[in-house]
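Before any comments, here is the structure.
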Amino acid sequence: MSGFDPRGARVLVTGASRGIGEAIAREFAGAGAEVVLAARSADRIEDLARELKGHAFPLDVSDPQQLEGFVGRVEDEVGPLDVLVNNAGVESSHYLERTDEGEIARIVAINLVAPMRLARQVLPGMVDRARGRIVNISSLAAMTPTPGLVVYGATKAGLSQFSDGLRFELKGTGVGVTVAHLGPIDTEMWDKVVDIKGLDAAQARLRRMGLLVTVSPAKVARDVVGAVRTGRREIRHPKRLWSNMALAASPKRITEALLVGFDPRPYVD
Ligand SMILES: NC(=O)c1ccc[n+]([C@@H]2O[C@H](COP(=O)([O-])OP(=O)(O)OC[C@H]3O[C@@H](n4cnc5c(N)ncnc54)[C@H](OP(=O)(O)O)[C@@H]3O)[C@@H](O)[C@H]2O)c1
């Protein structure tokens with residue numbers, strides 16, 4: 001899938017009020033893109049939008065009514081979107097039997113349902129224009145057992161599978177999908193996650209083996225902008241777990257190899 005120059009591209013980033021989303025918005029703005037920032041913290045995204053000469057659209061992605069027609073409202077005001085970065089996400093910081101059932105629904109809504117709904121809304125325009133990229137921010141927890149993060153991990157596994165399936169469905173349209181598989185990134189979310197004692201103990205062992213390192217949000221952001229430029233399908237951090245991630249992806253790669261030359265588009269009615 002070919003990439004395109006982010007200069008002049010219009011980029012919607014969810015969860016842009018802090019952490020990885022803020023870093024991604026800054027990196028796109030630095031590359032000459034017009035950024036559209038969405039999150040619940042209206043003040044923070046409005047300040048950032050002013051600084052980056054972009055736009056702020058307050059949004060709670062866990063609220064189905066706020067999601068309804070959201071992309072249409074954005075595009076009516078600022079113009080067609082070239083990139084959607086589904087970054088907004090929340091962690092579940094308990095073992096399952098200590099997790100409230102309402103909390104399960106909220107995590108699934110934010111981490112999995114909202115990215116699907118936003119992608120569905122942005123796709124018709126992108127496919128018509130034969131240009132666009134959807135970037136989904138997933139996690140190493142999508143492919144590893146993570147005590148204390150099992151609901152989170154399940155939503156991220158869903159997001160990764162959604163990304164790979166959608167990429168195949170969009171073959172030949174000019175619209176690409178990138179998925180980011182991230183281990184520890186230095187943000188407020190990571191500060192909360194290390195409080196989960198079982199996860200901390202498991203990760204301490206991986207760190208002693210030299211397999212886990214914490215990566216900066218700025219590094220992830222550079223890779224996301226690079227993926228739009230080059231059309232890269234997957235971002236992996238930390239790099240030293242690259243081979244584990246490649247092995248986890250291999251069954252899908254095998255199926256893709258078996259289906260080389262298959263065109264899914266004529267079957268869209
Ligand atoms: N940090 C890590 O180690 C790590 C590792 C792997 C993957 N990730 C993923 O990276 C993404 C960003 O995480 P982060 O580390 O930057 O976390 P963070 O610092 O906690 O930031 C989360 C962002 O999501 C937004 N958000 C949360 N709930 C929302 C809602 N209901 N509606 C709209 N926006 C919402 C927050 O904005 P408001 O509070 O203003 O709404 C904030 O901008 C997440 O998808 C996360 O799962 C992070």
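Bear in mind that the values in this text are calculations on the coordinates, not laboratory data. Please read all numbers here as calculations on a predicted model, not as lab measurements. Virtual Cβ from ideal backbone geometry, glycine too; neighbours counted across all protein chains shown.
Beta bridges per DSSP, both residues in segment 10-250: antiparallel share near 0 percent.
Pop the C-beta distance of Asn244 and Asp269 into the FRET formula with R0 = 30 Å and round what comes out to the nearest 0.05. So, using R0 = 30 Å, E works out to roughly 0.15. State the Cα centre-to-centre distance between segment 143-165 and segment 47-79 in whole Å. Computed from Cα coordinates, the inter-centre distance equals 26 Å. Remark: C-alpha extents of segment 170-269 on the principal axes read 50, 27, 24 Å, sorted largest to smallest. Between Asp5 and Val150, the simple spin-label model (points 7 angstrom out along Cα→Cβ) gives 5.1 nm. Note on the chain: GNM, Cα springs under 10 Å; of Gln203, Gln65, Gln161, the largest mean-square fluctuation is that of Gln65.
Applying 1/(1 + (r/R0)^6) with r as the Cβ-Cβ distance of Lys197 and Arg50 and R0 = 35 angstrom yields a FRET efficiency of 0.30. Computed extension length for Asp186-Asp128: 17.1 nm, one decimal, from 0.36 nm per residue of separation with the Cα-Cα distance subtracted. Within the shell defined by Cβ-Cβ distances under 13 Å, the residues around Lys53 carry a net charge of -1, with Lys and Arg each +1 and Asp and Glu each -1.
Positive-end ranking of Ser2, Tyr152, Asn111 along the dipole of segment 1-158, with charges on Cβ about the Cα centre, is headed by Ser2. First measure r as the distance between the Cβ atoms of Glu103 and Ala204, then evaluate 1/(1 + (r/R0)^6) with R0 = 25 Å and state the FRET efficiency to the nearest 0.05. E between Glu103 and Ala204, to the nearest 0.05, is 0.45. Taking the empirical scaling 2.2 N^0.38 Å for compact globular proteins as reference, the chain has a Cα radius of gyration ratio of 0.97.
Expressed as a whole number of Å, what is the distance separating the alpha-carbon centroids of segment 9-40 and segment 100-132? Cα centroid of segment 100-132 versus Cα centroid of segment 9-40: 17 Å apart.
Only DSSP H runs of four or more residues enter the estimate; each adds -39500 (n - 2.57), and after division by the residues of the chain the mean residue ellipticity at 222 nm equals -15000 deg cm²/dmol.
Loop sites here are trypsin sites (Lys or Arg not before Pro) outside DSSP states H, G, I, E and B with no more than 14 other Cβ atoms within 10 Å. The longest part of the chain free of them is 54-269.
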